[in-house]
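K.L.:
Right, I'll just put the structure down here and ask away after.
Bear in mind these aren't lab numbers, they're just calculated from the coordinates by the rules spelled out. The model shown is predicted, which means the values in this text are computed figures rather than measured ones. Using ideal geometry, Cβ is built from the backbone for each residue, glycine included, and neighbour counts are taken over all protein chains shown.
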Ligand code: 8NA
Ligand code: MG
Ligand code: MG
Ligand code: MG
């Protein structure tokens, strides 16, 4: 049991790093059918034991995930001031890790105010609307691992960890959806075939509760209140589909952008679609299929592949990941140790 958990902790965090590192070179791109052949060869090379090349470098997704692991590992109780400091230190040390264009503003204010009220700067983003970017979702996986047997604490910590930088409801609910997806994958038996319908139905039920809790009873229910439930309906509709222009349809209906709303449901779709073969993605390895497919959708490739990789890695465990891929990505050795530390930290309290 604990060997399985150890493998799943590692699989999840390594999956997240590999998705980030392999996806980063394609971030912001539109992917043509010619590019998909190039991406197929790119992964063939990364899996080739003879292939020598510099590390694929990680970006903000991994930089911030690292800080979340430390936050959970180093202190007995969640300390958000500590987490805010970790985010800022990491950013100051290496600001050129491909951070979102607006998030530096939050870090500047946190520093300038000496972390006095760590939740305030994020509320001021975008004229008080808060960021709806996927920055909260892309770093949430360690929280799903650490609190996988304490659902309410998991949601609370994921919400607060997101609110340090992202206060828009779309960003928070998107982070919660990613968190729940990782948790469900962690709890699923990798030896049994996953039931995608059941996986989505469970997500839908939980998002309904989360989105309903947010409705102001005095007002009419607006479509935004069911935003992620509606997206999950689309994810459900795509299950089992495998036709010629499906990728274009997925991009159109689910999105591939930097907002949580246009990327978290997409990552979940990638995980589910890769349970089976995908046309023109030639591999027997489910983990590779998941991230290669995510990258082939284009747009925010590193973040969508990172989120899909975290879900898939939490399901399969580290045995599902080709060691050659690990060798070609920065920070995988360190992240594997961090996964072990995260698991041990649970035992101490
Ligand atoms: P963020 O908080 O800066 O949000 C990302 C971007 O989304 C912002 O810079 C805005 O353009 C837009 N945005 C967010 N909220 C609003 C709003 N309320 N009104 C108008 N526009 C808004 O950063 P983040 O941490 O959420 O990062 C998200 C993504 O950006 C990640 O993928 C990260 O890697 C980064 N990034 C993406 C690309 C790309 O081309 N896809 C390139 C570099 C960096
Ligand atoms: Mg990134
Ligand atoms: Mg459903
Ligand atoms: Mg990105």
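K.L.:
Show that you can apply the helix-only estimate: for the chain, add -39,500 (n - 2.57) for every DSSP H stretch of four or more residues, divide by all residues, and state [θ] at 222 nm to the nearest 500.
P.N.:
Per the formula, -19000 deg cm²/dmol.
K.L.:
In addition: Quick check on the exposure proxy: order 270, 312 from fewest to most C-beta atoms within 10 angstrom.
P.N.:
Exposure proxy ranking, most exposed first: 270, 312.
K.L.:
So what's the convex hull volume per residue for the Cα atoms of region 137-214, in Å³? Kindly include the intermediate steps, with their values, before the conclusion.
P.N.:
Details: hull volume 6.8 nm³, N = 78.
Considering the Cα atoms of region 137-214, their hull volume per residue is 88 Å³.
K.L.:
In whole Å, how far is the Cα centre of region 134-151 from that of region 48-120?
P.N.:
15 Å
K.L.:
Right, here's the next one. May I ask you to sort 64, 207 by Cβ crowding, counting other Cβ atoms within 10 Å and putting the fewest first?
P.N.:
207, 64
K.L.:
Any idea how far apart residue 51 and residue 319 come out in nm if each label point goes 7 Å out from Cα toward Cβ?
P.N.:
Distance between label points: 2.5 nm.
K.L.:
Give me the mean projected area, in nm² to one decimal, of the convex hull enclosing the Cα positions of the chain.
P.N.:
If I average the Cα hull's projected area over directions, I get 17.0 nm².
K.L.:
Where is the GNM fluctuation largest for the chain (alpha-carbon springs, 10 angstrom cutoff): 279, 122, 63?
P.N.:
279
K.L.:
If R₀ is 41 angstrom, what is the calculated FRET efficiency for the pair residue 40 and residue 233, using the beta carbon separation as r and rounding to 0.05?
P.N.:
E(calc), rounded to 0.05, equals 0.85.
K.L.:
Hey, how many Å between the Cα centroid of region 272-343 and the Cα centroid of region 190-211?
P.N.:
The two parts, judged by their Cα centres, are 20 Å apart.
K.L.:
While we're looking at this one, here's another question. Exposure proxy check: 336, 16 ranked by fewest other beta carbons within 10 Å?
P.N.:
336, 16
K.L.:
Note down the nm distance, to one decimal, between modelled labels 7 Å out along Cα→Cβ at residue 149 and at residue 116.
P.N.:
4.3 nm
K.L.:
If packing is taken as the average count of other Cβ atoms within 10 Å, what order do 74-86, 178-190 fall into, highest mean first?
P.N.:
178-190, 74-86
K.L.:
Give, as ranges by residue number, the residues of region 1-20 whose backbone N falls under 16 Å from the point 7 Å along Cα→Cβ of residue 340.
P.N.:
2-14
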